1. How much FRET efficiency would the formula 1/(1 + (r/R0)^6) give for residue 243 and residue 79, where r is the Cβ-Cβ distance and R0 is 41 Å, rounded to 0.05?
2. Just to confirm the number: angle between the C-alpha axis of helix 137-150 and the first principal axis of the chain, 0 to 90 degrees, nearest 10?
3. Quickly work out the residue 313-to-residue 180 label distance, labels modelled 7 Å from Cα along the C-beta direction, and quote it in nm with one decimal.
4. Evaluate E = 1/(1 + (r/R0)^6) for residue 282 and residue 110, where r is the Cβ-Cβ distance and R0 equals 56 Å; express this FRET efficiency to the nearest 0.05.
5. Over region 207-330, calculate the relative contact order: mean separation of alpha carbon pairs under 8 Å at least 6 apart, over the residue count, as a percent.
6. Given R₀ = 25 Å, what would the calculated FRET efficiency be for residue 255 paired with residue 63, taking r from the Cβ atoms and rounding to 0.05?
7. Distance in nm between label sites at residue 272 and residue 209, each 7 Å beyond Cα in the beta-carbon direction?
8. What value, in deg cm²/dmol to 500, does the helix sum -39500 (n - 2.57) over DSSP H runs of n ≥ 4 give at 222 nm once divided by the residues of the chain?
Ligand code: SF4
């Protein structure tokens, strides 16, 4: 992995933020590209949000990129552009929680801060028999306390790496306990609780949203309308086609589409519905049931807060993955 044995706090920070919600195989190339485009804090602080989000496009959880940007600006403005080396300053950066701060402190500065990610939670709660919910305060602080006690004082970075790997490779969802070196001291193994621990709160059902995207293309210029999502929530800062949120996934009729395009863009002429695409897209807490409508017609004089852009320049804008999937088929 390109970040293996890395000791530069900036690079460790970037890799940890990328890996927060992303598998290693997916994050790998993004990390290499990110470091290439933004080799240091100052370069990251000076870039535009649009350019940054374009580099992040497809990785999801875009608040991570926005927080990296905010944090880089803060480091430049208030810390002379030097990445902080004290825990309190590191954890005060936007988007940095206890896990990331501990990773930076131990990997970059060899300080004794134990990392506690999902793998570590699983190992500690099984070996020590934590019965409280580990995603609640009491259970997680027990894990933190134990981690502080058992961390290797001489090699904290190595300890952190090893326990995370142990959770990922050995003490995983279906562990082979018979061949585990810790089975004689492991509470879960000795008390038949391997499949019970760690205890967590029941998962919430995903909220369903029905999104209808209008990809309206002007007959003559072949230009399209896109809109930057400025409101807080999913995809903030990214671009999307004008969007109608409805109560169901019933396809809009041509007359509904005509009315919409007329009110949004002042188009009075007949429209042609060239294609539709249905797609279900899952985010952590949301299931999006989307329908895209590719419509060609002559646009009027209105724009209603959209950018009217050439199809050739679409690739310069950062879109959510769902829209990228559509554009790959219907550009
Ligand atoms: S014995 Fe099983 S549950 Fe216990 S640490 Fe080893 S792999 Fe994990």
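1. Details: r = 39 Å, r/R0 = 0.96.
About 0.55, to the nearest 0.05.
2. Taking Cα atoms only, the helix is inclined about 50 degrees.
3. Placing both labels 7 Å along Cα→Cβ, they lie 5.7 nm apart.
4. Result of the calculation: an efficiency of 0.90.
5. Details: 228 pairs, mean separation 45.4, N = 124.
For region 207-330, the relative contact order is 37 percent.
6. Efficiency, from the Cβ-Cβ distance: 0.05.
7. Placing both labels 7 Å along Cα→Cβ, they lie 3.3 nm apart.
8. Details: 13 runs with 137 residues, N = 331.
One gets -12500 deg cm²/dmol as the mean residue ellipticity at 222 nm.
No lab work stands behind these numbers, since they all come straight from the coordinates. Model, not experiment: these values are computed from the prediction. Reconstructed Cβ throughout: ideal geometry from the backbone, glycine too, with neighbour counts over all protein chains shown.
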